[in-house]
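Q: Here you go, one structure.
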Amino acid sequence: MCIGAIIATIGQCASFFATDPYYLYISYGVITGIGSGLSHLPAVYSLGLYFEKRRYFVTAMVFAGGATAVMIASPLTQYLVETIGWRGSLLINAGLCLQIMVAAALQRPKHLTGKKVKVNFRDIFAIHLLKDVKLSLYTINTFLWSQGLMIVLILTVDYAVSTGISRDDAALLMTTMGISTVMVRVVIAFVGNIPRASWWMFNFSSLMHGSCGALLLACHNLIFYHSVIAAFGISYGIKIAILASLTMEMFGLHNFLAVYSFQMFASGLGGLVGTPLAGWAYDVSGSYVPGFLVSAGIVYLSVVLFSIVMYLEFKQQNAEVINDTAEESIGPVVQECLSDQLSTI
């Protein structure tokens, strides 16, 4: 986390001296992005180390805090740009990034009980999991869902404007999404620990996400748009609040960093593909309708893939329960037989 904070700070400070957009692509986009990523993954991983019983609760609350910070950051950045300029705002943001080091310093090493685990190259990068069908489907699901998300985010405001809504009113749709995203993450914190509930909520959120993209086409009314976008924000909030904990549950804490990195990469790649895809759909058709329909179709496909993941995981869990039950029932019988044999000797 400390290294990530330093890199992100350097990237924002270096952006202060930018003279063209290409400079910012490297300083702000690449360097700051790498620093943010290096800060994010260890922070989420540490939750799994410190909180085992209430992992869903803690993770959801942390991501709710992150969503709240994003909501505050947007108007704060706009205020800073208007008062001290964009260069000055970058320096302020650089100072805020340094505060990550304070949070990292407060985290004490977690002393794990039990046998020492030998960690090697294979474990760190989870190379052995690349052949796992469940991981492949899970990663493709994240990639497709991220594409659909980005298409809706890119098109929604412009689509609302095209239907006669003022741009200022249309911009407030994103605020509605942000508020609903924060609120649902708090709710998830209290229901995420219910057995298997998180799995169904995770997939249902994708189903709701795909439906919202298509529902925006049903009525040209600002209140209706806010209602649909609020539901869209809820679906997004559920997905993000559960993703990390679900990954830990599915693949184990020792594989979490590698598998979660796969998901973050798939999510970022989906966003990169979804953005031009949204523009291409509009350029070809001259309408926003194909973009929203493509988004819905892509996300519905991700629902199918994760349903297969759920089937494989539940099947594995049931097999483990049966084996554990058999061992518990056979154990006393074996012990009694051994005792009888020893007594005869």
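The values are calculated or read from the model by the stated rules, or taken from the named source; none is laboratory data. The model shown is predicted, which means the values in this text are computed figures rather than measured ones. SASA here: full protein model, heavy atoms, side chains in, ligands and nucleic acids out. Shrake-Rupley method; radii C 1.70, N 1.55, O 1.52, S 1.80 Å.
Q: Take GLU320, GLU313, GLU52 and sort them by solvent-accessible surface of the protein heavy atoms, 1.4 Å probe, largest at the top.
A: Largest accessible area first, the list is GLU52, GLU320, GLU313.
Q: May I pose another question? Would you mind checking the pairs LYS134/LYS239; LYS131/LYS239; LYS131/LYS315 and listing those with alpha carbons more than 22 angstrom apart?
A: Violating the 22 Å limit, Cα to Cα: LYS131/LYS239.
Q: Additional query: Can you tell me the accessible area per residue over region 1-52, all protein chains present, probe 1.4 angstrom, in square angstrom?
A: Working: 2760 Å² over 52 residues.
Accessible area per residue, region 1-52: 53 Å².
Q: Expressed as a whole number of Å, what is the distance separating the alpha-carbon centroids of region 214-261 and region 146-190?
A: Measuring centre to centre over Cα atoms gives 12 Å.
Q: If you don't mind, there's one more thing I want to ask. Can you classify region 131-284 as rounded, prolate or oblate using the Cα gyration tensor, where a ≥ b ≥ c are the square roots of its eigenvalues, rounded means a/c under 1.5, and otherwise it's prolate if a/b beats b/c and oblate if not?
A: On the way: a/c = 2.63, a/b = 1.57, b/c = 1.67.
It is oblate, given that a/c is not under 1.5 and a/b is not larger than b/c.
Q: Give a residue-ordered list of calculated ³J(HN,Hα) values for region 277-292 (Karplus: 6.51 cos²θ - 1.76 cosθ + 1.60, θ = phi - 60°; whole Hz; x for Gly, Pro).
A: Each residue of region 277-292 in turn: 5, 5, x, 5, 4, 6, 4, 6, 9, x, 9, 7, 4, x, x, 5 Hz.
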